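Single-structure report; data block below.
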C-alpha cells in the first residue's frame, strides 16, 4: 500500500500540471512552446510537472506582481462591504433612519409635554 502512494502522487501531479498547461493561454507560457511543456510533463515524472508549476507559466496579474504580492487581483469590489457606492448608500440609510427615530421621539415628547401642561381634565360633577 505504501509503495503505491508515490506513484499515485506522481500521476496526480502530472495530471494537474498537464491540465494547467493545456488550459493556459499561449501568451502566458514561458521558456518553451506549449507542446514542449506537455511532452516534458508527460515524459519526465516529478521534474516535468514541478518545473511547469514553478517556471512554465507567467503567473503575474499584469502589473508585474506575482500572486500574493501587492494589492488585490481583481479591479472591482470583491464583496458588498468593500463597494464604496454600497457603503455610501448604507450610511445614508442609517442616518435617515436615525433622523426619523429622533423626529418621532421629539414629536412624542412634545405631545406628552403638551398633555402635561394642559393638566388633568376634571371629571364632570354630578
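Could you tell me how many of the residues in the range 11-26 are part of a loop (DSSP other than H, G, I, E, B) and loosely packed, with under 11 Cβ neighbours inside 10 Å? Show your work before the answer.
Kept after step one, since they are part of a loop (DSSP other than H, G, I, E, B), are these residues of the range 11-26: 24-25.
Next cut, loosely packed, with under 11 Cβ neighbours inside 10 Å only: 25.
So the answer is 1.
Could you tell me whether residue 51 is part of a loop (DSSP other than H, G, I, E, B) and free of Cβ contacts under 8 Å to residues at least 24 places away in the same chain? Talk me through it step by step, then tell me what you get.
On the way: part of a loop (DSSP other than H, G, I, E, B): no; free of Cβ contacts under 8 Å to residues at least 24 places away in the same chain: yes.
Judged against the criteria, residue 51 is not a match.
Values quoted throughout were computed directly from the atomic coordinates according to the rules given, and no laboratory measurement underlies them. Not measured: the values here are computed from a predicted model. Please note: Cβ atoms are built from the backbone with ideal geometry, for glycine as well, and neighbour counts cover all protein chains shown.
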